[in-house]
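Enquirer: Quick one: the structure is below, questions incoming.
Read-outs throughout are calculated quantities, based only on the coordinates presented, and are distinct from any laboratory measurement. What you see is a predicted model, and the numbers here were worked out from it, not measured in a lab. So basically every Cβ, Gly included, is an ideal-geometry build from the backbone, and we count neighbours across all protein chains shown.
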Amino acid sequence: MRLKLLSLAIGALCFIAISIYAIWLSVPLMLAGVVRLVPVSFEDRLGRAVVEGMARPGTTCEDPATKNLISAVSSRLQAAMPNSPYQFNVHVVRNPEVNALAAPGGHIVIFSGLIERMQTADQVAAVLAHEMQHVVQRHSMKGMVRSLGLRLLLSMVIGDPGLFGDLAGNLTVLHFMRSDEQSADDEALSTLMRAGIPPSEMQKAFMNLSKSSGDEPEISALKYLSSHPPLSERIERVRERAGEWNAVARPISASTAIACRP
């Protein structure tokens, strides 16, 4: 009898373990299915709510040279993604922090501190292409579905303004999965090459993000990279893809000089 009970217990545990593993494997597929049902118009509303909270009047960079630089970079990258359903809107916030955020619907916030780390517009393009891929692959929406579930779906159905604002606030603290970051890197690299920007510019951008600047401690520069795969791994992946580049480079601009420090 004891042996029979033990066998039943072991069998039950095995069944539970297999069931949990099967559910864990199916989660990415379920998330992708749910996110595909989210209209781009809803993503746009959510993205606008995020931007309103981060790029408030008086905090954005209105320097003409910087705005022209970002416009040139965005236009080049957008042209290299002809099938994207998104119209990208990039907001530069006057903040020394090395950071950026990809909100749903094509809205991207990038801090001036991150741009200042770059030496050329092509390196800015490398960072921006990565953020754009988070939008195109709907990583923010997947993260919100994963963490909020029914609350997100409820906001889509009833359109409650207060609930919508809470969702936008929650988005700013989401962290992408490692696989999302890797996928964004890979597709960003493909976008750059289609845009006439060699893979080496992404490698240089990674190196610039890892350097300290003046009195600023190096750890603050790495904040942007904290949720990404290790820098050495990212650089190696760029090197592996570099063999695909056989076109003539078309630089966007010579420098990234900006005049919008806080």
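Enquirer: Give me HIS139, HIS107 sorted ascending by neighbouring Cβ count inside 10 Å, so fewest comes first.
Expert: In increasing order of surrounding Cβ atoms, one gets HIS139, HIS107.
Enquirer: Moving on. State, to one decimal in nm, how far the label point of LEU231 lies from the label point of ARG178, with both points 7 Å from Cα in the Cβ direction.
Expert: Placing both labels 7 Å beyond Cα along the Cβ direction yields 1.9 nm.
Enquirer: Which of the trypsin sites (Lys or Arg not before Pro) found in the stretch 40-121 are in a DSSP loop and have at most 14 neighbouring Cβ atoms, other than their own, within 10 Å?
Expert: Listed in order of number, the matching sites amount to none.
Enquirer: At 0.36 nm per residue, and after removing the present C-alpha to C-alpha distance, how many nm does the segment from TRP245 to THR59 gain when stretched out fully?
Expert: Full extension from TRP245 to THR59 adds 63.1 nm.
Enquirer: Sticking with this structure for a sec: Hey, can you grab everything whose amide H is under 5 Å from the amide H of THR60? Only 5+ residues off in sequence or another chain; H modelled, so Pro and N-termini drop out.
Expert: Placed amide hydrogens put ARG94 under 5 Å from THR60.
Enquirer: Further question: Can you tell me the length gained on complete extension of the stretch GLN119 to ASP186, counting 0.36 nm per residue apart and subtracting the Cα distance?
Expert: 21.9 nm
Enquirer: How do CYS61, CYS260 rank when sorted from fewest to most other Cβ atoms within 10 Å of their own Cβ?
Expert: Listed from fewest to most nearby Cβ atoms, that is CYS260, CYS61.
Enquirer: Name the long-range amide H neighbours of ASN89: under 5 Å, sequence gap of 5 or more, or other chain; modelled H, no Pro or chain starts.
Expert: HIS107, ILE108
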